[in-house]
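Structure, as structure tokens:
The values are calculated or read from the model by the stated rules, or taken from the named source; none is laboratory data. Here the structure is a predicted model, which means the values were calculated and not measured. Using ideal geometry, Cβ is built from the backbone for each residue, glycine included, and neighbour counts are taken over all protein chains shown. Accessible surface areas use protein heavy atoms only, side chains included; no ligands, DNA or RNA. Shrake-Rupley method; radii C 1.70, N 1.55, O 1.52, S 1.80 Å.
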Amino acid sequence: MNGMRTMRTAIYLLVILLSYAAGASHAAMQHDQHTEDTRGATACQDAHALPSPHCGRAPTATFVEGVRDSVLYVVFSQNNHVYLSLSTDLGRTYSVPTAINTTPEAIYDDGENRPKILVGKDQWIYVSWTHKTPGRYAGEIRFTRSRDGGASFEPPRTINTDNALISHRFDSISQDSKGNLYLVWIDKRAQIKAAAEGQDYTGAALYYVVSHDQGASFSENRKLVDHSCECCRVALAQDAQGKVVAFWRHSFPGQIRDHAMAYVPETHTSAELFRATEDQWHLEGCPHHGPDLSIDARNIAHLAWFTQGSQHQGLIYGQFDLKTRTMSNEQVFDATPGASRPQVYAIGSDVYLVWKRFNGEATELLMRRSNDNGNTWSENQSLAKTQEKSDHPDFVTDKSRVYVAWQTQAEGYLLLQVSP
Amino acid sequence: MKQKYLWPLIVTLLSLLSTLSSAEAPPAALRVFQKSSLQDIISSLDGRPFMLVLWSIDCPPCQQELALLQTRRHDFAPKELILISTDSPQDAAAIEATLAEYQLEALDNWIFGDDLPERLRFAIDPGWYGELPRSYFYDTDRQRHSYSGLLSEAIVDKWLSYTLSVRLASNQQNSPLTSRSSETR
């Protein structure tokens, strides 16, 4: 038995050493024990089961390129920890998870407000999440990094510096082509200040920080814009020049909850907000439904969003030209009741849309693909279906393939290849 | 001539009584909202108009709406204002605390019970995408109107004056005085 285990470990180590880059291999040494495939609701109720991307909340993944293969890095929230777990076989098995925050803390871990993971140009692993603090909607933006491929993480740091138990939530993380690191989040300090002065203030503000030294230190907290929506996630992406663009649901005058865009400034210059979508959705409320974007080499931002405006209703796709700041090819691609959570990904001339649709009984994961920059589209393709609860879908890409990750309560965390 | 003034007085007294009784009712427990619950609510109301408000502890405008409903809570007849939290049963303590803060704990309060919130949303209205707050107004003909976002005072007051007129009409119909006067006619 012992001999077999040693041999199995040796084989694992061999495989890992062959397939990992220098950075990733270090982590893999720590992660050489793999868990059994523990999917589904029953497996998740086992009190002795290890935390896993199948059972934890709001898993978010990225690939880290190895020498031969890509390793899937998944962060998820469980038992007041953000965990990291690795898979070298495209999600069939996962390593024993490591707790990123060693001290447990309450974590926002719903679909819109989830832990984030970013692999930097330097192959360092950057992780952010929102720690739930006492009080209604209150939270702190947390950040940590690993310089050894995820084997160890620095103690988490709080990024918002106003020391107030108020709302700082819905963190997003991105990097520009120079390697500067950006954290953007929804912040209510401006709203609270306005209320104290007896002023009306709609929505919340977007705040951000920049790090020019790989996350060793950050700039002061800067306000990006006033009057964002209060509980829709913020999408970030790099444009063709490598600058970071934010896309979010805004509260335009008259409580119009359409979307805005802005470049996130590298230096301390004020951001210029521009309107990206014109749906005229008048709503003094919370859609809890943030947008997505992916920018191609021509600087066309491919956008996907949800609205119930007077101009459009349903899930919308559009192409926003970042040079001319005009929208084209706008189309409602699913207006069925129950269609939600659209994600978009553009690579070369290919564009993918994925979303889910509930039909009253089951939830279906749908995908459509364009190979001409989003001008014409394939028929909708059904990728998966579940009878129980499911998370938001998301794109995950390695150097040659596009996948959709989707956690369902009944089937676990699925990684489905969608590129040919 | 005197009788003309008597009726409004009786109605006022009656509504004052119902107000007092609703204010003194003990806090009702949160009831678990299932797929069939809306039908149960509709049948239990027996043709009376009612307002259904869906809210969540994770929705800032919902708090403003609860604050508005707090100021109008005595103007609703018992059971004619129903609150449904779309949070999960594990948030029950936070929901109860919020309801108590706005003095709405004596109302007919529900909490989403299904593991799949989409299923409950769909059972209420397939055309509702989950945005909050969300309100439904059921009239006596069981026609309903929906509203997404924070309700204004004007909308709530217009609804209250409608429900009051329904109550007055129904009181008048059921009253022995009315039937006697119709007999004498």
Q: Using a Förster distance of 22 angstrom, determine the FRET efficiency expected from the C-beta separation of B:D125 and B:A92, and round it to 0.05.
A: 0.35
(Q) Among A:S52, A:T277, A:L415, which residue has its Cα furthest toward the positive end of the charge dipole of the protein assembly as shown, with +1 on Lys/Arg Cβ and -1 on Asp/Glu Cβ? (A) A:T277
**Q.** Accessible area (Å², per residue) of the protein assembly as shown, counting only protein heavy atoms and a probe of 1.4 Å
**A.** 43
Q. Restricting attention to the stretch A:231-305, which GluC sites (Glu not before Pro) occupy a DSSP loop and are surrounded by at most 14 other Cβ atoms within 10 Å?
A. A:E272
Q. In whole percent, how big is the carbon plus sulfur part of the accessible area of the stretch A:326-393, probe 1.4 Å, protein atoms only?
A. 42
Q: Using DSSP to define loop residues, name the GluC sites (Glu not before Pro) in the stretch A:184-243 whose beta-carbon has at most 11 other beta-carbon atoms within 10 Å.
A: A:E197, A:E220
Q) Using helices alone, what [θ] at 222 nm do you get for chain A, with -39,500 (n - 2.57) per DSSP H run of 4 or more residues, divided over all residues and rounded to the nearest 500? A) -3000 deg cm²/dmol
Q. Relative to the first principal axis of the alpha-carbon coordinates of chain A, what is the inclination of helix A:2-19, with its axis defined by its Cα atoms, in degrees from 0 to 90 and to the nearest 10?
A. 40
Q: Return the residues of the stretch B:114-129 for which accessible area with all protein chains present is lower than in the chain on its own by 20 Å² or more; set the probe to 1.4 Å and exclude ligands, DNA and RNA.
A: B:D115, B:L116, B:E118, B:R119, B:F122, B:P126, B:Y129
Q) If you take the charge dipole of the stretch B:26-168 about its Cα centre, with +1 on Lys and Arg Cβ and -1 on Asp and Glu Cβ, which of B:S161, B:F76, B:F33 is farthest toward its positive end? A) B:S161
Q. How far apart, in nm, are two points set 7 Å out from the Cα along the Cα-to-Cβ line at A:T267 and at A:Q45?
A. 6.1
Q: Whenever you get a sec, compute what percent of the accessible area on the stretch A:174-232 sits on carbon and sulfur atoms (1.4 Å probe).
A: 45
Q: Quick one: grab the alpha carbon gyration tensor of the stretch B:26-168, order the square roots of its eigenvalues as a ≥ b ≥ c, and give me rounded if a/c is under 1.5, else prolate or oblate depending on whether a/b is larger than b/c.
A: rounded
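Is the shape of the stretch A:275-420 rounded, prolate or oblate, going by the alpha carbon gyration tensor and its root eigenvalues a ≥ b ≥ c, with a/c under 1.5 for rounded and a/b larger than b/c for prolate?
On the way: a/c = 1.96, a/b = 1.14, b/c = 1.72.
In terms of gyration-tensor shape, oblate.
How much of the accessible area of the stretch B:26-168, in percent, comes from carbon and sulfur atoms when a 1.4 Å probe is used?
Values: 3040 of 5790 Å².
About 53 percent, which is the carbon plus sulfur part of the accessible surface.
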**Q.** Taking the convex hull of Cα positions in chain A, its mean projected area over all directions (nm²)
**A.** 20.6
**Q.** Partner chain coverage, peptide B:98-111 - average Cβ within 10 angstrom
**A.** 0
Q: Only Lys, Arg, Asp and Glu count, each charged at its Cβ (+1, +1, -1, -1), so figure out the dipole size of the protein assembly as shown about its Cα centre, rounded to 20 debye.
A: 400
Q: Find how many whole Å separate the alpha carbon centroid of the stretch A:150-228 from the alpha carbon centroid of the stretch B:43-87.
A: 35
**Q.** In the A-B interface, the accessible area buried, summed over both sides, Å² (probe 1.4 Å)
**A.** 2300
Q) Once label points are set 7 Å from the Cα along Cα→Cβ at both A:E330 and A:S177, what is their separation, rounded to one decimal in nm? A) 2.9
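Can you pull out the trypsin sites (Lys or Arg not before Pro) in the stretch A:262-370 whose DSSP state is coil and whose Cβ has at most 15 other Cβ atoms within 10 Å?
Here the sparse-neighbourhood loop sites are A:R298, A:K323, A:R325.
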